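Heads up, the thing below is written out as structure tokens.
Nothing in this text is a laboratory measurement; each read-out follows from the coordinates by a stated rule. Keep in mind that this is a model prediction, so the values were computed, not measured. All Cβ positions, even for glycine, are placed from backbone atoms using ideal geometry, and neighbour counts span all protein chains on display.
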Amino acid sequence: MILAWLILLPFAGGLLAWLAASRGDAWPRWISLIALLAELAALAVLWAGFARGGSLAAPGRWLSELDLSWIPALGARFHLALDGVGLLMLLLTTFLGIIAVVASWEGIGYRTGFFHFNLLWILAAISGVFLAVDLFLFYFFWELMLMPLYFIIGIWGHENRVYATLKFFIFTQASSLVMLVAILGLYFVHGRASGNYTFDYLKLLGTPMSSFTEMALMLGFFIAFAVKLPVLPLHSWLPDAHTEAPTAGSVHLAGLVLKVGAFGMLRFLIPLFPHAASDFSPLAMTLAVAGILYGALLAFTQTDLKRMVAYTSISHMGFVLLGVFAWNQLALEGAVIVMIAHGVSTGALFVIAGDLQDRIHSRDIDRMGGLWSMMPRMGGAALLFALASLGLPGLGNFVGEFLVLLGAYQASIPLAVLASLGFIVSTVYALWLVQGVFLGVNRRKLRLPDYNLRESAVMAALIVVITALGLYPQPVLNTARGAIKKLSGYAAGYHRPHKADPGAQPGPVAGVRRQGGGS
Amino acid sequence: MLRLLFLIPFFPFAGFAALALGGRRLGRRAAVVGAGSVGLSALATLVLSAAFLISPPRGYAYTQTLWTWMKVGGFAPGISLYLDALSLVMVLVISIVSFLIHVYSGSFMSAGEGRRFFAYMNLFVGFMLTLVLADNLVLLYLGWEGVGLCSYLLIGFWYKDAANGRAARKAFIVTRVGDTSMAIGLFLLFARLGTLDIQELLRLASAHWQAGSGLAVAAALLLLGGALGKSAQLPLQTWLPDAMAGPTPVSALIHAATMVTAGVYLIARTNVLFSLAPHVRLLVAVIGAVTLLLAGFSALVQRDIKRVLAYSTISQVGYMFLALGVGAWSAAIFHFMTHAFFKALLFLAAGVVIKSLADEHDMFRMGGLRKQLPLAFWTFLAGAASLSALPLITAGFYSKDLILWDAWSSASGSGWLWAAGLAGAFLTSIYTFRMVFLTFFGRARARAGSLPGFSIKAPLVALAALSLAGGFVEAPGVPLLSRFLHHALPPFKQAAGIGAGAQLVFEVIAAAASLAGIYLAYQLFLRRPAGAGALAASSAGGLLHRWWFSGWGFDWFYDHGFVLPYSWLARAGRSDLPDLAFTGAARLAAAAGRLLGRTQTGRTRWYAAGIAAGAIIILLLTVN
């Protein structure tokens, strides 16, 4: 039952925040904060319990499950289940939710109640996505996520928000409909073959179908997930949406909405369609590498700070896609780390961009420069997260990207080598960001206040997480491991791209294959 | 006792944390925290060295695992430190030289910038010590990237000047190219050998790989890429001269004594891989030889005293690569040590000169400073003598002479490598004493302002003493250092049939080259400076002069080959081409909508005509 509460808590908090808005602007803020802190506390207690009880390590079982009857006529059930990766995603969701609430404590000046309602409903819906194991329920939460986000960008966004919301909505909605068709397709294929019409993920696993059907259905899922992730060339809604969204919206987009795409591939796409996915994997991995390099290239040339950070997102999420389709233990655990580290580091950069916009009412890098001398705290935080972006060891992103590349190298050497060039191009944009905003001369003679206590606290929390993830990621890796083993078991038909090396030697090499195999 | 090993990198990191979080309250005490933490680290190193020497651990190596960094399947690098003869020598030199430079910086840097400066410097020392103490390649990579970061931060320390920012970015990006090659090397090593623990890896490599096998060659080449970037060797040397934009103590510490020799350490550390790939090892020697010559020529024509020293550093690290390439592992480490002493000294003494002349870098506007800055002069002279390998009384003589002899006598050496090294030695003493004569002799062209205080003088004197006497740890006949290093590095293999008497002849030749260079510098730059000017003014001379001055045109090549095309590509694609397809589709839909909207005219006869036309078309279709 705890799983339902995890979703209901932000739902109820959101409603309460909206209702309480008539009592003053402070009410929704405090209600949201308290609701999310309670959620985080509940998750932490759960996590500690699982870790102590040893259930994280046991593969093949859910950590917690809730299966209620919902729409029997359709074979849809209210079926929630939690595994390690889901737990990590919920922790990330709640953590970034708190960051978003505190970061927009002063920035949102009108309709605060409705704002926080939307904020919390996004979190609730995303939590649902991470928990649902009934495809109908999954789709329900998937769609539920969109509306509040649409409002957040559309109402509290910047100058060009109408264009951005429309674009965002069309991209996501159109791709979601393709997934709906694929879900229904799978439903009928399975129903016809077995006589049991159900949306239950566990029952749909291993549905027998022709390779053409499997490929078509897999692509239907892929398109929806690829738009969210985003995968080149379906990424172009993202820079606009990110740029126009208010800070909290950008944090949610980058930190969470992008993650549901990756999570969907991990949990649904590859386990449900292992053969088609493995046929498709060379193309997917190529797109991933293209995204890594392309995002970094375009980030370098942007003059709008938020747009620049948005393009870095495309680059980072390329590592996730690469890791998912390389599908071995190193790459998958790396992909999970990248998902979390990217959420934290990119979220932090968006918060910084938002704080700058609050101060100078511009996102134009050409109008900034030399801000370090006035704002060393902000500058230091921005430097640290820029370094996280370029993959500096000791910070979280490095651990994830290194593991992904280590795993990808065993799947495809040329693609891993090309992806490694991401280290170079990310350096170019990250240093350019720091230079453009904080170094050089303050030509416009801006006089700005440095971070106050609230803003410093937000940054401190983000810095602690990204550093802990960089220096001691083991708790996270341990949490993800059982889930990844379980998924690998489901996707036994997925033959990760192998390359036969002529110079292969016996002995230690065989050992590597076994360790890296992940199954 | 050795369990205290972790303290060596811990103190500088703690110093960084205190400085970063301490806020403005620290004030002048920032220098005390900064130098103090490194001092504690040096002290810990001395105590540990004594303990190591008095009761050596089993196998002459000690590993301390602090915690497991990440464990995924068989991949489990630890935050683990490894102390053996090689890392002990490195740590000793690094911590002591760092401490002296920190003391010097306490009065060199102004009070307002002290906190940030010492924070970055302490962070650097922490990463550098981690790099040399790492027991696995992933942790080594952490230190490797960390020192690169601090190098970037400190080159661009005076961030208001855009040129400094450019130099800093260039340094970071160029070295990152090398680092990426190294990272790919790590992927390959792990995929093939299943571990990145250095000692285990080397054991497995020699057990499973044939000498000259493709994998060994690829692994050695990829690691070499990393070493070339960090150590500013061809073709990735271009960042180092520009790195002189940083404060002088930074140039002394990072860009002379420690970080730029990280590549030398990496190759020495993974020497087994390079021995398994003899062609790559030969390549290391050739790169070293070519680099030392090219950089020597460039040093000859610079006007900026710090740029002379920068090219000189590239050139001297070239000697170390030459030594590594011929399998003279301990000679390379020996030269690293003496170079750390005398090059740090030269930079620090040059810093005194630059500061006293109100930030004047141009040697042609100095001159005659011998009398005004006697201490700077004498210590600089000691460093210059050591750099030029003045026979018998300087440390540089012993280390360079050893490399030259080894380049000739090694089983994998050759006369060509020796000749290149000898020519380099001749060049070295010319450009070094050109520097001495232009700066301290001749007509005084400027008046020295501020004079150095005690905390600047003391490190200079200490380093001068080390630059002169430091070579006796490896005097011919009493090779203390290499005997000690043989616990960690394979012995030097001499070619068959080389007599002991030959060594004396070669020493005399090397000494003669050094003295001849000094004499030529004296003739060209002190006795008749007009002659050198005329040489540079002649058309051929002028061309060479410009070519050498610009560092052989590498910058031009990289700008046009990489930087400009990349910027062009980024600008050209700025509007995100795939997006054009989507916005195009949107425009098409809008246009089609407008077009069809036109048909909604509101006139009945148009609608009637439309209905009629439609009916006819449907009829025709059904009839057929």
- Query: For the range B:59-106, rounded, prolate or oblate, judged on the Cα gyration tensor with a ≥ b ≥ c (square roots of eigenvalues), a/c < 1.5 rounded, else prolate if a/b > b/c?
  - Reply: oblate
- Query: Which aspartates and glutamates, on any chain, are close to B:Lys230 with Cα under 19 Å apart, when same-chain ones fewer than 8 places away are left out?
  - Reply: B:Glu145, B:Asp179, B:Asp242, B:Asp555
- Note on the structure: For the range A:2-495, averaging the sequence separation of alpha carbon pairs under 8 Å that lie six or more residues apart and dividing by its residue count, the contact order in percent is 17
- Message: If I model a spin label at B:Arg203 and A:Ser69 as a point 7 Å from the Cα along the Cα→Cβ vector, what separation in nanometres do I get?
- Response: 6.4
- Whichever lysines have a C-alpha closer than 20 Å to that of B:Lys371, once near sequence neighbours (fewer than 8 apart) are set aside: B:Lys355, B:Lys457
- If you project the alpha carbons of the range B:577-624 onto their three principal axes, what span does each projection cover, largest first, in Å? 47, 32, 5
- Query: So for the range B:101-218, what percent of the C-alpha to C-alpha distances run longer than 22 Å?
  - Reply: 49
- For the range A:2-495, using Cα atoms only, the Rg and Dmax in Å read 21.4, 73
- Task: Using Cα positions and a limit of under 21 Å, work out the lysines in reach of A:Lys486, with same-chain residues fewer than 8 apart set aside.
- Result: A:Lys203, A:Lys259, B:Lys71
- Note on the structure: Cα-based Rg and Dmax for the range A:121-249, in Å, come out at 16.5, 54
- Plugging the Cβ-Cβ distance of A:Ala174 and B:Leu4 into 1/(1 + (r/R0)^6) at R0 = 60 Å yields, to the nearest 0.05, a FRET efficiency of 0.40
- Taking N as its residue count, the alpha carbon Rg of the range A:449-490 over 2.2 N^0.38 Å: 1.81
- Message: Return the Rg/Rh ratio of the range A:312-468 with Cα-based radii and a Kirkwood Rh.
- Response: 1.04
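Rg to Rh for the range B:384-500: what is it, with Cα atoms only and Rh by Kirkwood? Can you show the working numbers first?
On the way: Rg = 18.4 Å, Rh = 16.9 Å.
Using Cα coordinates only, the ratio equals 1.09.
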- Query: How big is the range B:36-165 by the Kirkwood estimate over distinct Cα pairs, in Å?
  - Reply: 16.2
- Kirkwood estimate for the range B:468-571, i.e. one over the average of 1/r between Cα atoms, Å: 19.5
- Item | Calculated FRET value between B:Ala613 and A:Ala461, using beta carbons and R₀ = 51 Å, to 0.05 | 0.15
- Long-range alpha-carbon pairs in the protein assembly as shown, meaning those over 61 Å apart, account in percent for 17
- For the range A:240-329, the Cα-Cα pair-distance distribution in 5 Å bins from 0, as whole percents, is 3, 15, 21, 21, 17, 12, 8, 4, 0
- Message: I need to check one value: relative contact order of the range B:355-429, counting alpha carbon pairs closer than 8 Å and at least 6 residues apart, in percent.
- Response: 19
- Computed P(r) (all Cα pairs; the range A:58-164; 5 Å bins; percent): 2, 11, 17, 19, 17, 13, 9, 7, 4, 1, 0
- May I have the extent of the alpha carbons of the range A:1-116 along their three principal axes, as whole Å values ordered from largest to smallest? 48, 40, 16
- Convex hull volume per residue for the range B:498-624, taking Cα atoms only, in Å³: 367
- Binned at 10 Å starting from 0, the alpha-carbon pair-distance distribution of chain B in whole percents comes out as 3, 16, 26, 24, 14, 5, 3, 3, 3, 2, 1, 0
- Query: What's the long-distance tail for the range B:300-417, i.e. % of Cα pairs beyond 21 Å?
  - Reply: 43
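Expressed in nm², what is the orientationally averaged projection area of the convex hull enclosing the Cα positions of the range A:65-112?
5.6
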- Note on the structure: Expressed as a whole-number percentage, the relative contact order of chain B with C-alpha contacts under 8 angstrom and at least six residues apart is 12
